[in-house]
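Colleague: Dropping a structure here in structure tokens format, bear with me for questions.
The values are calculated or read from the model by the stated rules, or taken from the named source; none is laboratory data. For clarity, every value in this text was computed on a predicted model and none was experimentally measured. Because the Cβ atoms are built from the backbone with ideal geometry, glycine has one as well, and the counts that use them run over all protein chains shown.
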Amino acid sequence: MPRSSFSPPPGLHDYASSKLTEHAKTRFIERFQVEPEHAEARLRESLKRARRLGRNPRNGTIAIMALHEERPLVGLIKNATCLTVLTWPQFEPNLAEFGRNRLPRKHGRLIRRLLDSKPA
């Protein structure tokens, strides 16, 4: 897959070229009410600007936060493959597994930065 030409601002990462599992696409469709024929393209668009939340030391999976239509989503990525997509409330109880004991500091600012980084 060709690498995206988008260069995210400092602190953000581009995961749009990650392999998407069927499970991730299905969960994205059901959790964010996306039409199935547009799910992959819209998920890749969301993954272009993501913030890394942490890494699970037991299995090497990283959690990233991105936005889909101004709603936060959490992607779980392992070996350049997006395994699943969660809403923030679904992920929040699992923060400790990814090296965080509490919410990211200034959570609202993190979301605003993701919004502000979108190209016009």
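Colleague: Could you please let me know if E45 is part of a helix (DSSP H, G or I) and surrounded by 13 or more Cβ atoms within 10 Å (Cβ to Cβ)?
Modeller: Values: part of a helix (DSSP H, G or I): yes; surrounded by 13 or more Cβ atoms within 10 Å (Cβ to Cβ): yes.
So E45 fits the description; yes.
Colleague: Out of everything in the range 88-103 that is out of contact with any helix residue (DSSP H, G or I) (no Cβ under 9 Å at 6 or more places or on another chain), over 17 Å from A50 (Cα atoms) and in a helix (DSSP H, G or I), what residue ends up being modelled with the highest pLDDT?
Modeller: This residue is E97.
Colleague: Out of everything in the range 1-21 that is in contact with a Lys or Arg (Cβ under 8 Å, 6 or more places away or on another chain), closer than 13 Å to S46 by Cα and at pLDDT 75 or above, what residue ends up being surrounded by the fewest Cβ atoms within 10 Å (Cβ to Cβ)?
Modeller: S17
Colleague: Would you tally the residues in the range 22-38 being surrounded by fewer than 20 Cβ atoms within 10 Å (Cβ to Cβ) and either closer than 17 Å to W88 by Cβ or touching a Lys or Arg at 6+ places or on another chain (Cβ under 9 Å) (or both)?
Modeller: Residues of the range 22-38 that are surrounded by fewer than 20 Cβ atoms within 10 Å (Cβ to Cβ), as a first pass: 22-23, 25-26, 29-38.
Narrowing further to those that are either closer than 17 Å to W88 by Cβ or touching a Lys or Arg at 6+ places or on another chain (Cβ under 9 Å) (or both): 30-36.
Number of matching residues: 7.
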